[in-house]
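Reading through the structure tokens given below for one structure.
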Amino acid sequence: MRRSTVLAVAAATVSLVALVGCDGDPAPAASSTASPGATTPEAAPTSAPTATPTPAPTAVATPAPAATAVATTAGGVIDPEAALALAERTPYAATQDFTSDGGPISAVVKARVNLNGPIRSGRLAESMSVGGEDMMGGANDGPSVVVTDDGTTYIRNGSSWRTSPLGNRIADYHGYAKAVLALGPSARKGMEDCEGTPCYHLSGTVDLEQMKAVEPEQYKILKGKSVESFRLDQWIDAQGRTVRYDKKTELRGIQMRTYGTFRDFGPVEKVDPPR
């Protein structure tokens, strides 16, 4: 593979995980990212990675109670529209384990994030390898990206931190699920088991323009590389929360894939600036 293509895929791999290494924002000395699902179970992770986890936030700010209502029929079948409407009203925290692969590039993100609130926040630990060689170094000894409660994004650069001009790096997974559901009846694949959790599988090819509102930085990068659409599979639970996620994109002839899981749902957690 030509070096220029490898570098382009590397940058896109990191961006597809919604982290660092994006145009105009140099990657920090230690970082990278990843996340859930699989169009087919072939390579979707079945258990949480064992690498050193991202430290959980140390405090809780005005906790929003975890969703307790469910959107199912009498037969236990999830109504995806009702479930997503339910999740839209209930912000929550979750542990995210994502992987992004493309050619020789592999990026992993382990995070604790707050989703569905007015601001998506959290702490993310990233790593990236090229041909099996670690490109970040020490990415698992703590978070490398922090998005605080006011929406400020901090990136670790060695032992110090700096703010990022690119804004929030945490995708709106709820928005992604709504975009797939909007594709119509063909996107409704029905009930499946997600490691013991009943889930509803949504699947379809989404126009890149749908990404503009839910992941604007990634949208700009892919738009600039003439990507027009992507394949997305998403599994939601009875409370409308994403449990598994699998996105596939072709970039300059290279198949890019970002997949992973969300687990350990709970109340929204406070995220302060790093020190």
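Points to keep in mind about this one:
- Ranked by how many other Cβ atoms sit within 10 Å of their own Cβ, fewest first, the residues 148, 99, 261, 205 fall in the order 205, 148, 99, 261.
- Phi angles of region 181-191 translate, via the Karplus equation with coefficients 6.51, -1.76, 1.60 and θ = phi - 60°, into HN-Hα couplings of 4, 5, 5, x, x, 5, 7, 8, 8, x, 6 Hz per residue; Gly and Pro are given as x.
- Spatially proximal lysines relative to residue 248 (Cα-Cα < 29 Å; intrachain offsets below 8 disregarded): 110, 178, 189, 212, 220, 223, 225
- Summary of the geometry: region 238-260 and region 74-104, compared by the centres of their Cα atoms, lie 12 Å apart.
- Taking a straight line from the alpha carbon of residue 270, these aspartates and glutamates sit under 19 Å away, with near neighbours fewer than eight places off in the same chain left out: 149, 150, 172.
- Counting every other Cβ atom within 10 Å of each residue's Cβ, 235, 161 order from fewest to most as 161, 235.
- Simple label model, 7 Å out from Cα along Cβ direction - residue 81 to residue 69, nm: 1.6
- Kirkwood hydrodynamic radius of region 157-268, Cα pairs, Å: 15.4
- All other residues whose Cβ lies under 14 angstrom from that of residue 78 are scored, Lys and Arg at +1 and Asp and Glu at -1, for a net of -1.
- Global form of region 160-218, assessed from the alpha-carbon gyration tensor, a/c cut-off 1.5: oblate
- Charge sum, other residues only, whose C-beta stays under 10 Å from residue 178's C-beta, Lys/Arg counted +1 and Asp/Glu -1: -3
None of the figures in this text is laboratory data; all of them are computed from the coordinates on show. Just so it is clear, the structure is predicted and the values come from calculations on it, not from any experiment. Neighbour counts are summed over all protein chains in view; Cβ atoms, including those assigned to glycine, are modelled from backbone coordinates with ideal geometry.
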